[in-house]
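For reference, the structure is listed below as structure tokens.
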Amino acid sequence: MAKELRCADLMPGCNFVAQGKDENEVMQKAGEHAKRDHGMSSIPSDVERKARGAIRDRAAPARLDRR
Ligand SMILES: [Zn+2]
């Protein structure tokens, strides 16, 4: 199942969406984006945890609440 992470879930106002075939690929793309566009030289572990929690299945209905 393809995954995606909407940066707006972590950084309100950012419209970047990282997509990948699995969680690790999404995290890698999101990490590159955070460095490039948010000036984060490294990803703090609490931010990484939040990001992983915000990853959704790409095919899931947009309104599905996975909490
Ligand atoms: Zn962003």
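Values in this text are rule-based calculations from the coordinates and carry no lab data. Only a predicted model underlies this, so the values are computations on that prediction, with no experimental measurement involved. Glycine gets a Cβ as well: all are built from the backbone with ideal geometry, and neighbour counts include every protein chain shown.
Quick notes on this one:
- Test item: Cα-centred dipole of the chain, Lys/Arg +1 and Asp/Glu -1 on Cβ, debye: 160
- For segment 8-48, trypsin sites (Lys or Arg not before Pro) are listed when DSSP marks them as loop and at most 15 other Cβ atoms sit within 10 Å of their Cβ; the list is LYS21.
- By the count of neighbouring beta-carbon atoms within 10 Å, fewest first, ILE55, ILE43 end up ordered ILE43, ILE55.
- Whole-angstrom gap from segment 1-17 to segment 20-45, using each part's C-alpha centre: 11
- Dividing the mean sequence gap of close Cα pairs (under 8 Å, 6+ apart) by how many residues the chain holds gives a relative contact order of 38 percent.
- The residues neighbouring CYS14, those whose beta-carbon lies less than 15 Å from its own, together hold a net charge of +1 under the Lys/Arg +1, Asp/Glu -1 convention.
- Considering only SER42, MET11, ASN24, and ranking their Cα positions along the charge dipole of the chain that arises from unit charges at the beta-carbon of Lys, Arg, Asp and Glu, the one farthest toward the positive end is MET11.
- GNM flexibility winner over the chain from GLY20, GLY39, GLY53 (Cα, springs under 10 Å): GLY39
- Over the residues of the chain, the helix contribution to mean residue ellipticity at 222 nm works out to -12500 deg cm²/dmol, using -39500 (n - 2.57) for each DSSP H run of at least 4.
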